[in-house]
Every structure is written in C-alpha cells, then in structure tokens.
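Following: one structure in structure tokens, then a few remarks.
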Amino acid sequence: MSKPRVAFFSFTSCEGCQLVVLTIEEQLLELVKLIDIVSFREAMSEKSDDYDIAFVEGSITRTSEIERVKTIRDTAKVVIALGACATIGGINCLKNQFEMNKVKDIVYGDMADKFDTIPARPIEAVIKVDYRIQGCPIDKDEFVEVTKAILQGRKPRIPDYPVCVECQMKENVCLFEKGMVCLGPITRAGCKAICPTYNDGCVGCRGLIDAPNLSSHKDLLSEHGLNIDDAISRYMLFGGNSKEKYE
Ligand code: SF4
Ligand code: SF4
Ligand code: SF4
C-alpha cells in the first residue's frame with residue numbers, strides 16, 4: 001500500500017512552526033517510515049502538487065493567498081492548520097487594529113502602492129480545516145499526536161481544559177497572586193503552561209477553550225485590582241481576529 005503523501009505550506013508567518021517539526025528528530029524519523037513528505041520548503045528543495053495531507057502554516061494577509069490556500073484545499077484530502085497564525089490569525093492580526101493603507105505606508109513608505117495587504121485572518125476564515133495544531137509556536141508532542149491520529153484514523157487527544165490546569169499541576173504560584181495578568185483561565189492547554197512557569201502571563205497563543213468563562217476571568221482580574229484593558233491588550237496580541245469574543 002502506498003504511503004500518504006504529505007506537504008507543508010507556508011503563508012504569512014515566521015515559519016517557526018515548521019522549524020519545530022524539524023526538531024522532532026527521533027519521532028520524525030519514525031513518522032517518515034509511515035508517510036512520504038513531498039513538499040517541505042524548510043527541509044528540502046523538491047516540490048509536488050500531488051499530496052493527500054497538507055499542513056498549512058501562516059495566516060492569510062494578501063488577496064493572492066486566498067486562491068493559493070483554496071487550491072491546497074481542493075487538492076488535499078486532509079488539511080491541518082499549523083500554529084497560531086493559521087488557527088487563530090496570530091500575531092499578524094495586530095495590523096487589523098489599523099487602517100490597511102496606513103499599515104502599508106508605515107511598512108513600505110513610498111513603495112506602498114506596489115503591495116497588496118488585507119486584514120489578517122486564520123486559514124479557516126477562507127477554507128474548511130480538518131484539524132488544528134495550536135500555539136506560537138506549536139508543541140512538538142501535539143504535532144506528533146495529531147499526525148499519528150490522522151494516520152490511525154482516530155480523533156486526536158487535544159486538551160479541552162485551560163492552561164491553569166497544567167499550571168497548577170506544576171504547582172506554580174498563580175501570577176494573579178503576584179499582581180500579574182494571565183489569560184490562562186480562558187486559554188486552551190497543551191503548552192505545559194510554559195509562560196506562567198517562567199513567570200510570564202499567558203497571552204493566549206493557543207486560542208480560547210471551547211466555552212471560556214470570560215465573566216469569571218473579568219471577576220478574577222477585578223478581585224486582584226487588575227485592569228481589564230491589560231487583559232484585552234494581551235488577548236489582542238494573538239486574538240486580533242476575535243476581539244469581540246473577549247469584550
Ligand atoms: S504561529 Fe508563531 S511560530 Fe508559528 S509561524 Fe506563526 S508566528 Fe511563527
Ligand atoms: S498563573 Fe495563569 S495559568 Fe497559572 S493558575 Fe494562575 S491564571 Fe492560571
Ligand atoms: S502559556 Fe499561554 S501564551 Fe504561553 S505558550 Fe501557553 S498558551 Fe501560549
């Protein structure tokens with residue numbers, strides 16, 4: 001039986017999530033026994049337009065990217081959004097807070113007319129996505145879990161609980177107790193609570209859990225004398241496409 005043909009694609013992004021895939025090392029060697037990687041710009045120069053599974057990294061920020069991602073959807077049987085840029089729009093959505101012509105002027109100056117830019121959006125705003133691997137960057141264990149699940153025809157085991165659960169399992173002192181803002185209570189776990197573990201508040205790079213209790217999070221902020229605007233500005237760092245969900 002032929003192995004599934006796998007391709008990696010990059011849209012507007014830093015390509016850091018693809019780099020994470022390259023650090024998987026031993027497990028990647030095991031995976032390549034089960035799949036044929038036919039396009040992967042970070043790792044090989046060969047390319048193919050014939051693939052079954054497409055990992056798509058990056059957000060859509062130019063008109064030309066819309067057609068390109070639709071072509072990938074038409075070709076692949078399975079599409080996986082890879083990383084925060086692809087799943088929730090990610091850091092690229094910061095520009096959505098400004099008028100697009102202004103953004104172009106700031107970045108390109110006199111050359112602004114030569115460039116196309118549209119508000120940044122996740123790939124799911126344009127095409128149907130079958131699976132999401134969250135985070136900026138992704139977690140390598142989660143990449144392996146989702147890939148194995150696809151190959152085994154089962155549902156991937158992705159946390160549906162907040163970062164606070166992983167944070168408390170590590171016995172961290174809650175950052176709220178230190179007067180710091182953290183989005184852990186409303187953000188999907190899976191990163192092993194890396195930011196609060198290193199004394200930095202979660203900024204929600206893995207997106208919201210399915211049913212975030214925003215009013216409870218606001219109450220928590222208020223109980224600790226913290227400002228909701230600080231929480232929103234943190235949330236906007238990665239969730240610029242869904243500001244209204246917080247407010
Ligand atoms: S999610 Fe983060 S690490 Fe991944 S491509 Fe986007 S900016 Fe880079
Ligand atoms: S530091 Fe953040 S993630 Fe950890 S328990 Fe407190 S609110 Fe939750
Ligand atoms: S703690 Fe929050 S911001 Fe940090 S990696 Fe996890 S989800 Fe992302």
Cα point-scatterer Debye curve for region 1-141, base-10 log of I(q)/I(0) at q = 0.14, 0.17, 0.18 Å⁻¹: -0.67, -0.93, -1.02
What is region 5-152's relative contact order, in percent, from Cα pairs under 8 angstrom and six or more apart in sequence? 28
Give me, ordered by chain and number, the residues 5 or more places off Ser10 or on other chains with an amide H under 5 Å from its own placed amide H. Glu57
Please work out whether the chain counts as rounded, prolate or oblate from its C-alpha gyration tensor, where a ≥ b ≥ c are the square roots of the eigenvalues and a/c under 1.5 means rounded, while otherwise a/b larger than b/c means prolate and anything else oblate? oblate
Set Lys70/Lys95; Lys70/Lys102; Lys95/Lys128; Lys140/Lys170; Lys47/Lys104; Lys70/Lys140, cut-off 30 Å on Cα-Cα distance; pairs above it are Lys47/Lys104
Rounded to the nearest Å, the spacing of the alpha-carbon centers of region 201-236 and region 5-83 is 32
Name the long-range amide H neighbours of Ile60: under 5 Å, sequence gap of 5 or more, or other chain; modelled H, no Pro or chain starts. Arg121, Ile123
So in the chain, which Cys have no other cysteine's beta-carbon sitting under 4.7 angstrom from theirs? Cys14, Cys17, Cys85, Cys93, Cys164, Cys167, Cys174, Cys182, Cys191, Cys195, Cys202
Gyration tensor (alpha-carbon) shape descriptor, region 100-204, a/c threshold 1.5: oblate
In nm, give the distance between the simple-model label positions of Lys3 and Lys33, each being 7 Å from the Cα along the Cα-to-Cβ direction. 1.0
Where does the Debye-calculated log10 I(q)/I(0) of region 163-241 sit at q = 0.14, 0.21, 0.27 Å⁻¹, using only Cα point scatterers of equal weight, no solvent? -0.38, -0.92, -1.51
Give me the percent relative contact order of the chain, please, defined on Cα pairs under 8 angstrom at least 6 residues apart. 18
Charges at C-beta only: +1 for Lys and Arg, -1 for Asp and Glu. How large is the resulting dipole of the chain about its Cα centre, in Debye rounded to 20? 440
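Values quoted throughout were computed directly from the atomic coordinates according to the rules given, and no laboratory measurement underlies them. The shown structure was predicted, so the numbers you read here are calculated from the model rather than taken from an experiment. Positions of Cβ are backbone-derived with ideal geometry, glycine not excepted, and every protein chain shown enters the neighbour counts.
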